[in-house]
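Contents: one structure, followed by commentary.
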Amino acid sequence: CSLVLSMFSLKTTSNGPNVSLSVHVCVSKACMATLGVASMTLLFTLSKRQGWLSSTKSGSKFVKSSCSKSSNESSNAFLDATNPKDFQEWGKELLLWITDYRDKCKSLPVISRVEPNYLQKALPLAAPETAEGWKSIMSDLDSKILPGITHWEASNNFFAYFKPHSSYPAVLGEMLCAGLNVMGFDWIASPACTELEVVTLDWLARLLNLPERFMGGSEGPGGGVIQGSAGESATVVLLAACVKKEKKQPERSKMVVYVSDQTHAIAQKATMILGIRCRVVKTSFENGFAMQAADLDKAVEEDVKMGLTPIAAVATTGTTSSCAFDPLVPIAECCKKRGMWLHVDAAYGGAYACLDEMADKFEGLDDVDSFCVNCHKKLLCPFDIAALYVANRRPILDALSLQPEYLRNAHSESGAVVDFEHWQMPLGRRFRSLKLWFVMRRFGAEGMRFHVRNGTVLANYFAGLVEANPELEISVPVSLSLVCLRWK
């Protein structure tokens, strides 16, 4: 059947405003013998039902099938929507809209003031049956969508959460990613997609002063991969820790991952997905809300006596609540002694590893198993680029590798290439490294360090203003670009 259908060729001809379609099939006697009677019966039955076939004295032939008026109109509308000139014209308009938005949103309320379900009332119940023009779409963007936006990116009054920084070069990279529309699950799917990711993540590793063992271009088994979020990264590495431990202890229900009460909820959610236990280690104000290795070791010892199996710990460099830094050196020693995987969630704080003055906060990275930093927080990229580095890729490949017949190819079989489909939960993956590549080239390492360091400068300046105000006080020491304050 597929052979028969592949013999069709669709030819579109245009005569003024009308569009007609012609379908032609050429079948040789040799081909008929190859395909068989059943396939040809299917072909001719389909042709008669569609009105393509008419009988003549010389035999059967395919004839032109005219389109209805509505079909012509639909075809015209489709062609308009896919017209390159239309794309160029409104692409420029959209770029102007984005720059205008980022300028004017400084005067808009930071948080949207719409009521829940406002868009269900403002938009039609069903999609439009006929094509709409860009003017109408852009008008609705201003009048219906923009009022429901909380202005994370461009408002200078946004102080909630860790502010994202989506620079213009990265926005263009996002556009190119969509324009190329690469499905880069393995090397052969688009070699540049895979190889640029390896190169740019090695660039980033050097910018962040990460150990050589985390680089894909090194001789060791380590490397980096772009995940969609720090949560996906945590799930992937904890799954790898599970599979690695299952070789000795197959009961996953007894496995335990250790986090602090300041660790982001993504770690606990990962344990929920994997069906393993999560033990929370308490922190204190006196220790700057950082997880202490002695407390971790005590918790592990208690669980071992109960017959449980410790498999991993998640340390954080820059916690969400107060930007605390867990001490990596003693925690790594504890994990090594217990045969546990140590993952470092550096989603926010990891960007600051590019600054020499912050080097002491990241001491101990030589002894961790994995490290994740979100480029969509402080490294000038839009969501979603979570750079995950592992010291040894083998446990992840053991946990996630599948090779169905339709994905097999000579390059992958040779072992000479990287197939990132085996480093993540989904199969498909976008050409996300373009965004990081654009940013690192357009700003340069020097420009990126300036941006990161400027955040600390502004934080210290603001902290000085708080300290000078008799009604306010700093609640925890200023860390990186985060200032925590309260009324006295």
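The values are calculated or read from the model by the stated rules, or taken from the named source; none is laboratory data. Here the structure is a predicted model, which is why all the values come from computation and not from measurement. Please note: Cβ atoms are built from the backbone with ideal geometry, for glycine as well, and neighbour counts cover all protein chains shown. Calculation scope for accessible area: heavy atoms of the full protein, side chains included, ligands and nucleic acids excluded. Shrake-Rupley method; radii C 1.70, N 1.55, O 1.52, S 1.80 Å.
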>> Which residue is nearest to the chain's Cα centre (by Cα), if the candidates are limited to region 115-143 and must be touching a residue at least 24 places away in the same chain (Cβ under 8 Å) and open to solvent by 50 Å² or more (accessible area, probe 1.4 Å)?
In response: Leu119
>> If a residue must be open to solvent by less than 30 Å² (accessible area, probe 1.4 Å) and assigned to a helix (DSSP H, G or I), how many such residues does region 197-219 contain?
In response: 8
> If you go through region 360-372, how many residues are under 16 Å from Ser479 (Cβ atoms) and open to solvent by less than 60 Å² (accessible area, probe 1.4 Å)?
Replying inline: 1
> Can you tell me how many residues in region 236-257 are in a helix (DSSP H, G or I) and either open to solvent by 10 Å² or more (accessible area, probe 1.4 Å) or without any contact (Cβ under 8 Å) to a residue 60 or more places away in the chain (or both)?
Replying inline: 8
> Under the condition of being part of a loop (DSSP other than H, G, I, E, B) and in contact with a Pro (Cβ under 8 Å, 6 or more places away or on another chain), which residue from region 152-171 is most open to solvent (accessible area, probe 1.4 Å)?
Replying inline: Trp152
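Can you tell me which residues in region 456-484 are of a type in the set (S, T, N, Q) and open to solvent by 30 Å² or more (accessible area, probe 1.4 Å)?
Hits for region 456-484 are Asn460, Asn469, Ser481.
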> So Ala391 fits all but one of (1) more than 18 Å from Ala313 (Cβ to Cβ); (2) surrounded by fewer than 24 Cβ atoms within 10 Å (Cβ to Cβ); what number is the exception?
Replying inline: (1)
> Which pairs have Cβ atoms under 8 Å, sit 6 or more apart or on different chains, and link a residue in region 275-294 that is part of a strand (DSSP E or B) to one that is of a type in the set (Asp, Glu)?
Replying inline: Arg279/Asp303; Val280/Asp261; Val281/Asp261; Val281/Asp295
>> Quick check on region 172-189: of everything there that is open to solvent by less than 60 Å² (accessible area, probe 1.4 Å) and in contact with a helix residue (DSSP H, G or I) (Cβ under 8 Å, 6 or more places away or on another chain), which residue is nearest to Gln424 (Cα to Cα)?
In response: Phe185
>> Checking the structure you have, find out if any residue of region 309-320 is within 24 Å of the chain's Cα centre (by Cα), surrounded by fewer than 24 Cβ atoms within 10 Å (Cβ to Cβ) and more than 20 Å from Ser253 (Cα to Cα).
In response: yes
